[in-house]
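One structure is given here, and the rest of the page talks about it.
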Amino acid sequence: QAYERRFPTCPLIPMFVASDTVNEYKSEDEAIHVIERRCKLDIDAPRLLKKIAGVDYVYFVQKNSLNRRERTLHIEAYNETFSNRVIINEHCCYTVHPDNEDWTCFEQSASLDIKSFFGFESTVEKIAMKQYTSNIKKGKEIIEYYLKQLEEEGITFVPRWTPPIACKLESSTSHARRPVSPAINIPDSATKESLNNKEILNTSGSPSEPTAGTPDDKLDADYIKRYLGDLTPMQESCLIRLRQWLQETHKGKIPKDEHILRFLRARDFNIDKAREILCQSLTWRKQHQVDYILDTWNPPQVLQDYYAGGWHHHDKDGRPLYVLRLGQMDTKGLVRALGEEALLRYVLSINEEGLRRCEENTKVFGRPISSWTCLVDLEGLNMRHLWRPGVKALLRIIEVVEANYPETLGRLLILRAPRVFPVLWTLVSPFIDDNTRKKFLIYAGNDYQGPGGLLDYIDKEIIPDFLGGECMCEVPEGGLVPKSLYRTAEELENEDLKLWTETIYQSASVFKGAPHEVLIQIVDASSVITWDFDVCKGDIVFNIFHSKRAPQPPKKDSLGAHSITSPGGNNVQLIDKVWQLGRDYSMVESPLICKEGESVQGSHVTRWPGFYILQWKFHSMPACATTNLPRVDDVLASLQVSSHKCKVMYYTEVIGSEDFRGSMTSLESSHSGFSQLSAATTSSSQSHSSSMISR
């Protein structure tokens, strides 16, 4: 009963796209029910392999034979796609335990025979084994999910099949050997007991949900309990699907599961919404080098002396505890002395430190800790804190943190709120997410000392001394920033510009008929040109050209005003209109079409000295060759890029071949550490990071 709920498709198995019934047979007495289905699967295989094979989906045929008289279910499956190259056979069987008829036994076997597969036999074998292993580990959870669903609907037993009266008289002797018992209850404990010797497994005849690039199949029960917390099968499925999408579009630059999960929770596990904000955040982190902020940026002395905040042990749940004495902090003085950008960067460093401490506490306490607690003391808050530029800076900080660190605040304790607090709350609260606001606990005066106060959330031994506790708190006391440290508006503006243009990545706009081009002069042959770029909007074609003579000085296109960031975005065209391909310049790499959202890293070993031009060009969809009518895909694509504008963020570097430790496979090289939130680091990403830091 639970197993049949997996058809025609199962949302818990994202790779199981659809199924169609091709044959069905029922005996007159309804004891035998045979159903044959054709199942459509989206196998987790490299895009290159799918392209070579010429398929996006593979099809399996699955035959289920239910014998209610014998109380057995036999499942046979085999592949229809590539059956002349690969033979996969699977057999599963549900039976009644011979010693306890309330137990269900399950057995499963499979065989794989790869005759030939375009030279990728070893790869296909690994994919099949990985997905079959994942199938075994996931199947039990999915069956239990549907058993629970039946129970919630009030279905707690399935009536035993009994033959029609006419059949009973004819076959009474056979029934004497197998007496009919009353209806059987299916308690959850019975399912669990059956696991003592044999597992109940996923038996769709098709591999279950793959783990999307996780080398050790991390999404097992122990891993989830230890690092992610309680997840329903549906939530786990969302996590796997989003991670798969990231792997396909960002080519290996996959954030850790904990980080992906934060964005899913922030959008109530709506994959489309979570994917949008996560991609924006990953691009933002890369553009502003947020991953390196703790190692490469030292806070100004003014912040170290007058910013009244710091980390202080942990709360009762094991969350890192951050203490902020906002009432003692001269926000106006800090803004006048440092500007918005330095304050924002400092808050980002606090959040990065919070992520690091969450990982440490997860190891220390042996349970998932993905957020921290913030204790804000408002004693001393007055109208000075409502200074308009200061409030503006606070709102901007909240906006950036909300967008890039969702679900990191576990609880916010606001203590000793004065009368002026409602005014500040009215200004700030509209910018705070609803889910975040629910985590706020506000205490006026000394209410935090009573029942339901601080002691409910923080151990008595670590309550800070300034709140009446016994623990010395090393958070700076704040105080007024000397006016001698104030800076002029012009100085602050220049400093703000400097802070946020320290990124090694540049932004460019690409328009239809107006590509963006970068000139690289090579003196020594066998140098290596490396690149790393993200397609932020639209589809582009990436080209590399070589010329013996230098092009004219670059002219900025007037359309360049539509850049990604100001002043970083531009549109530069180097190849003169009168130049001819093959005469004045030549193409040294095949064009590479890059889709919106993709990240590409690669390298080219130069053969000749001279001038190399990297070009990002607007990708126009080709017209259909067999008809004058546009294809549906072309129409949809043209609607999505109706402005004929693409956005690219890129970084290039030239290094000697003897110093290059990355891949030499040119445009197909695509391994880089998108961020330190990435679960894996390759050798090329390490060399890239080290060269960038040394620079």
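The values are calculated or read from the model by the stated rules, or taken from the named source; none is laboratory data. The model shown is predicted, which means the values in this text are computed figures rather than measured ones. Cβ coordinates were reconstructed from backbone atoms using ideal geometry, including for glycine residues, and neighbour counts include every protein chain displayed. Keep in mind that these areas ignore ligands, DNA and RNA; they rest on the heavy atoms of the full protein, side chains included. Shrake-Rupley method; radii C 1.70, N 1.55, O 1.52, S 1.80 Å.
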**OP:** Rounded to whole Hz and in sequence order, give me ³J(HN,Hα) for region 531-538 from the Karplus expression 6.51 cos²θ - 1.76 cosθ + 1.60, θ = phi - 60°, writing x for Gly and Pro.
**Re:** 8, 8, 9, 10, 8, 7, 8, x
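Given the convex hull over the Cα atoms of region 221-288, what projected area results after averaging over all orientations, in nm²?
4.6 nm²
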Subject >> Net charge over other residues, Cβ less than 15 angstrom from the Cβ of ARG388 (K, R count +1; D, E count -1) >> reply: +4
Original post:
Reachable aspartates and glutamates from LYS577, Cα under 19 Å, same-chain residues fewer than 8 places away excluded?
Top reply: GLU517, ASP557
**OP:** Enumerate the calculated ³J(HN,Hα) couplings along region 341-350 in order (Karplus 6.51 cos²θ - 1.76 cosθ + 1.60, θ = phi - 60°), each rounded to whole Hz, writing x wherever the residue is Gly or Pro.
**Re:** 5, 5, 5, 4, 5, 5, 5, 5, 5, 5
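Based on a Kirkwood Rh over C-alpha pairs, give the Stokes-Einstein translational diffusion coefficient of region 291-484 at 10 °C and viscosity 1.306 mPa s in µm²/s.
Rounded to a whole number, D works out at 92 µm²/s.
For region 221-288, report the accessible area per residue in Å² (1.4 Å probe, heavy atoms, rounded to an integer).
About 40 Å² of surface per residue is accessible.
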Subject >> For VAL96, distant residues with modelled amide H under 5 Å away >> reply: CYS105
**OP:** Determine which aspartates and glutamates satisfy two conditions relative to LYS332: a Cα distance under 13 Å, and not lying fewer than 8 residues away in the same chain.
**Re:** GLU340
Subject >> FRET efficiency for THR296 and LYS363, using Cβ-Cβ distance with R0 set to 22 Å, rounded to 0.05 >> reply: 0.30
Original post:
For ARG356 and LYS595 in one chain, what is 0.36 nm times their gap in residues minus the Cα-Cα distance, to one decimal in nm?
Top reply: 82.7 nm
Original post:
Measuring from a point 7 Å past the Cα of LYS392 along Cα-to-C-beta, which residues in region 304-333 have an amide N at less than 18 Å?
Top reply: 331-333
Original post:
Calculated FRET efficiency, VAL605 and ASP102, Cβ-Cβ r, R0 60 Å, to nearest 0.05?
Top reply: 0.30
**OP:** With a probe of 1.4 Å, find how much accessible area region 2-153 has per residue, and write the answer as a whole number in Å².
**Re:** 53 Å²
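Over region 221-288, what percent of the accessible surface lies on carbon and sulfur atoms, probe 1.4 Å?
Working: 1220 of 2720 Å².
Ligands and nucleic acids excluded, carbon and sulfur give 45 percent.
When the dipole is taken about the Cα centre of region 236-295, and only Lys, Arg (+1) and Asp, Glu (-1) are charged at their Cβ, what size is it in debye, to the nearest 20?
Computed charge dipole of region 236-295: roughly 100 debye.
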**OP:** May I ask you to order 139-149, 125-135 by the average number of other C-beta atoms within 10 Å around their residues, highest value first?
**Re:** 139-149, 125-135
**OP:** Using a Förster distance of 51 angstrom, determine the FRET efficiency expected from the C-beta separation of ASP56 and ASP576, and round it to 0.05.
**Re:** 0.75
**OP:** Quick one: P(r) of region 2-153 from all Cα-Cα pairs, 5 Å bins, percents rounded to integers, in order of increasing distance.
**Re:** 2, 8, 15, 21, 20, 15, 10, 6, 3, 2, 0
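Run the numbers for ALA110 and LYS273: contour at 0.36 nm per residue of separation, minus the present Cα-Cα distance, in nm.
Fully extending the segment from ALA110 to LYS273 adds 54.8 nm.
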Subject >> Nitroxide proxy distance, nm - points 7 Å out along Cα→Cβ at ARG5 and ARG487 >> reply: 6.1 nm
Original post:
Stretch ILE655-VAL400 to full length: gain in nm at 0.36 nm per residue minus the Cα-Cα span?
Top reply: 88.3 nm
